[in-house]
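This report concerns only the one structure given below.
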Amino acid sequence: MELNSNISAVITGGASGLGAATATKLASYGVKVALFDLNVEKGEALAKELGGVFCECNVTDDASVDAAFAKSRAAIGQERILINCAGTGNAIKTASRNKETGEISHFPLDKFNLIIQINLVGTFRCIAKSAAGMMTLDPIDGERGAIVNTASVAAEDGQIGQAAYSASKGGVVGMTLPIARDLSRELIRVNTILPGIFNTPLLQGAPEPVKQALGAQVPHPARLGNPEEYASLATEMCRNGYFNGEDVRLDGAIRMAPR
């Protein structure tokens, strides 16, 4: 897909981190961007900077997602690109014992379900609604659209306390090929990136020695990933018409230890 001002893109989680970097990269090619996010202040500021549109959006809510797509399409037209970056995580053991009292507790199921709803169901909700919109478009150079999802290396080597997060991201990986096959006759491609340890807002509040220690765990280059590096791969997945049905680690060759 040639990236230019005739193309519109929706980026979920687009107000910061991986999503913001990808929106900025796409806009540099002239692509019209819509940022879906809950952070109104950051989202509106970045959308203004990029000449795009901000749409407040909760990916766990059907009505919110529908309203965001309606606002986006009214402003910049039907998207041919969807980048799914909205997501979150937690760290809770499946069952654990309090070291001081000996009390035993298990993973609160509402907190497990919340991660699944945001990371997995929320991603699929946006894919399904965006793909239905893309199907109304005429093909350009043999394709109607491209979708890029965000999983995590935790989908393959999740650490202690990451049962919910790993399950949600493993689900994103697992549904990539079936969705790519579902949409193949409609000329819509689907790929997923599995980022390693990236310098995103989740880590930016950590002390510098902590970030350096995390980066040192990466074989090469021994540092945290930059959001711009994610944006580069996401952009290539949109541009390269033969890139389809793939799950690609972007992690500096790290394989996560149990903790």
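Rule-based calculations on the coordinates, nothing more; no lab input. Model, not experiment: these values are computed from the prediction. Backbone-built Cβ (ideal geometry, glycine too); neighbour counts: all protein chains shown.
Of Ala34, Thr60, Ala146, which is farthest towards the positive pole of the chain's charge dipole, taken about the Cα centre with +1 and -1 on the beta-carbons of Lys, Arg and Asp, Glu respectively?
The residue sitting most towards the positive pole is Thr60.
Sorted by packing (mean other beta-carbon atoms within 10 Å per residue), highest first, where do 92-103, 52-63, 206-217 land?
Most protected by this proxy first, the peptides run 52-63, 206-217, 92-103.
Just how large is the dipole of region 39-92 about the Cα centre, in debye to the nearest 20, putting +1 at every Lys and Arg Cβ and -1 at every Asp and Glu Cβ?
Computed charge dipole of region 39-92: roughly 200 debye.
What whole number of Å gives the distance from the Cα centroid of region 228-250 to the Cα centroid of region 1-60?
Using only Cα atoms, the two centres lie 17 Å from each other.
Rounded to the nearest 500, what is the chain's calculated 222 nm mean residue ellipticity when only DSSP H runs of at least 4 contribute -39500 (n - 2.57) each, over all residues?
-12500 deg cm²/dmol, from helical runs alone.
Lys and Arg at +1, Asp and Glu at -1: add these up for the other residues within a Cβ distance under 13 Å of Ala234 and post the number.
Counting the neighbours of Ala234, the net charge comes to -1.
Charges on Cβ only, +1 for Lys and Arg, -1 for Asp and Glu, centred on the Cα centroid of the chain; of Gly19, Gln159, Asn199, which one is farthest towards the dipole's positive end?
Gln159
How big is the dipole moment of region 8-250 about its Cα centre under a simple scheme where the beta carbon of each Lys and Arg is +1, that of each Asp and Glu is -1, and everything else is neutral? Debye, nearest 20, please.
For region 8-250, the charge dipole is close to 140 debye.
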